[in-house]
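Every number in this text was worked out from the coordinates using simple rules, so none of it is lab data. The structure displayed is predicted, hence computed values, not measured ones. Note that we place each Cβ from the backbone using ideal geometry, even for glycine, and neighbour counts take in every protein chain shown.
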Amino acid sequence: MSSPDTEELATTPPPAGPGEPVAPERGRFWRGLTGSLAAGMVVLAVIVLAIAAICLFTGAPGPGPLMLIGHPVAAVVALLAQRIADSRNGRVAGFAGLGVVVSVMAALSLFWWN
């Protein structure tokens, strides 16, 4: 025997649980792209610091102080902007993703493409 309440429950989708998106997420490609750029910047910063440490122990010329400071700073800025892009929606997330791209492009153009 069915009542109006049980019929409504049968046709209504269950509410989203914790961690489940309420609606299909928009901007998935953009967040993936900027997340990859931020992660790549972190990897690049770690590699530059590791090479500097190797050069310090071997006595070889290595990256200068500007590169040793600039890469970690760009990585931190990119990670902070990516965190905002991941936690917000709409224009704020878009502009935060743009901040990731600008940070990575600035580091690459200043330290590598000169």
From the square roots a ≥ b ≥ c of the eigenvalues of the alpha-carbon gyration tensor of the stretch 58-114, which class results: rounded (a/c under 1.5), prolate (a/b over b/c), or oblate?
prolate
Relative to the present Cα-Cα distance, how much length would full extension add between TRP112 and SER87 at 0.36 nm per residue of separation?
5.9 nm
What is the calculated FRET efficiency for VAL102 to ILE51, with r their C-beta to C-beta distance and R₀ = 35 Å, to the nearest 0.05?
0.90
Packing rank of 84-92, 42-50, where each peptide gets the mean count of other beta carbons within 10 Å, highest leading:
42-50, 84-92
Given a Förster distance of 22 Å, report the FRET efficiency between ARG28 and VAL73 from their Cβ-Cβ distance, rounded to the nearest 0.05.
0.20
